[in-house]
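To keep things clear, I will list the structure first and then write my remarks on it.
The values are calculated or read from the model by the stated rules, or taken from the named source; none is laboratory data. Quantities reported herein were computed from a predicted structural model and do not represent experimental measurements. Because the Cβ atoms are built from the backbone with ideal geometry, glycine has one as well, and the counts that use them run over all protein chains shown.
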Amino acid sequence: MLVGLVCSDEELVEYYVQLITEIKRFTLKAQIYFLPAHFHNPLDHISQNFLSAIWCPDTERSIDIAADNDVPSVSHTAFQLISRNDINTVVIAGHAAHSALFCMQAQALKKKAICIGTAALSEQTAQLLAEFSEKHNTFLQIIYPLKYSTPVELIKANIAEIGSIQSISVEATFEQPHDAKHRLYNECNTVLHQVSHEIVDTLSTICGCNPIPIATTCHQRSSLVEHFRLQELQYMHMQIAFSNTVASIRFAGNTTKTLVLRINGELGFFQLDPRMLILEGCGDRRVMWRGDGTMESIIRTGTVKALENCDCNKLSTDVNELSLVQCVSICRFI
């Protein structure tokens, strides 16, 4: 499998390059395309079956990265990278507003597309992605890293210990950008989808059923950023049904990302935060996992596991994206 990385956020390129080079299945002897990033020596994980190319928006920085990491060439547009004959799998990351376009470009050229994070910001886009994959028999997998993380895997493996799920509550914060460029890329609708898809997808996996939206309320603030009128997300409350269980999900803007997830069952409960996962049931209380206190480490390990276990040798359509989008599309703005 020959892998290319398309990342539309130049500040995240280095992160994804370093992350992917940790995965033995991916080899980043890279070519850079449309995104800036620093590579750690890709030869550490060289494989005869992999050759990776990278794209980023900052051409000058891309050239520097190529020089520093023995990269043979630099592409100037994402499409140049996607259309390369020696690339058959494209990993897409960065700004959510760009992801759907890159996914469809990759599939149109019969490349396998793996999107990290939100791909669709509207029901129409989600439907088009599904229809496009089905019509052209192409591979598309949309990865939400949280559900592949170690603590969530432990919850799924031990969910029977708390009996039938009675209720779910989520209290989380998302990081609010302060500079003008990132504020413009992260307007209210985009952030709504980014933060909610990750959580709802995870809960759907734990509960083993698709989400059914009940109500979503959003508080937004109107701002003027570089002469553009911008709506920015401040607070969101979602109620989502998973079969007979109702989940209450609350997000608020903050300076850092945090998460407190509690799943109450007939016999006990799970509680997860970035420091630990606790299981209490049948008179027993156990710490099943300990973290370093940051969401970043949870998401990073989840991303690595998802990419390691991605089976690109089969045709696949990710139809769950539409159900995730629908949970947000009923939102009432205040």
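The residue of the range 58-95 that is surrounded by the most Cβ atoms within 10 Å (Cβ to Cβ), among those that are modelled with pLDDT under 75 and acidic (Asp, Glu), is Asp64.
Here Val152 fulfils each of the conditions (1) in contact with a Leu (Cβ under 9 Å, 6 or more places away or on another chain); (2) surrounded by 14 or more Cβ atoms within 10 Å (Cβ to Cβ); (3) outside the structural domain of Asn264 (by TED's automatic domain parsing) apart from (3). In the set Gln271, Gln326, Gln239, which member is among the polar types (S, T, N, Q) and free of Cβ contacts under 8 Å to residues at least 24 places away in the same chain? That would be Gln271, the only listed residue that is among the polar types (S, T, N, Q) and free of Cβ contacts under 8 Å to residues at least 24 places away in the same chain.
When you scan the range 126-150, how many residues do you find that are over 17 Å from the mean Cα position of the chain (by Cα) and either under 19 Å from Gln194 (Cβ atoms) or not aromatic (Phe, Trp, Tyr) (or both)? Counting residues in the range 126-150 that are over 17 Å from the mean Cα position of the chain (by Cα) and either under 19 Å from Gln194 (Cβ atoms) or not aromatic (Phe, Trp, Tyr) (or both) gives 10. Quickly run through the range 112-143 and pick out the residues that are buried (at least 23 other Cβ atoms within 10 Å of the Cβ) and not hydrophobic (A, V, I, L, M, F, W, C). Of everything in the range 112-143, those that are buried (at least 23 other Cβ atoms within 10 Å of the Cβ) and not hydrophobic (A, V, I, L, M, F, W, C) turn out to be Lys112, Thr118. Could you tell me whether the range 207-218 includes any residue that is within 20 Å of His95 (Cβ to Cβ) and at pLDDT 95 or above? No, every residue in the range 207-218 fails to be within 20 Å of His95 (Cβ to Cβ) and at pLDDT 95 or above. Residues in the range 1-23 that are touching a residue at least 60 places away in the same chain (Cβ under 8 Å) and more than 19 Å from Gln105 (Cβ to Cβ) were compared, and the one that is surrounded by the fewest Cβ atoms within 10 Å (Cβ to Cβ) is Glu22. Can you pull out the residues in the range 174-190 that are among the basic types (Lys, Arg) and either touching a strand residue (DSSP E or B) at 6+ places or on another chain (Cβ under 8 Å) or touching a residue at least 24 places away in the same chain (Cβ under 8 Å) (or both)? Of everything in the range 174-190, just one residue is among the basic types (Lys, Arg) and either touching a strand residue (DSSP E or B) at 6+ places or on another chain (Cβ under 8 Å) or touching a residue at least 24 places away in the same chain (Cβ under 8 Å) (or both), namely Arg183. If you filter the range 151-179 down to residues that are over 21 Å from Ala241 (Cα atoms) and aliphatic (A, V, I, L, M), you find that the one that is nearest to the chain's Cα centre (by Cα) is Leu154. Taking each residue of the range 277-300 that is of a type in the set (Gly, Ala, Ser) and looking for partners that are in a loop (DSSP other than H, G, I, E, B) with beta-carbon atoms closer than 8 Å, six or more apart or interchain, yields Gly281/Gly163; Gly281/Leu267; Gly291/Pro274; Gly291/Arg275; Gly293/Pro274; Gly293/Arg275; Ser297/Pro274; Ser297/Gly291. Going through (1) in a helix (DSSP H, G or I); (2) within 25 Å of Ala113 (Cβ to Cβ) one by one, Pro151 falls short only on (2).
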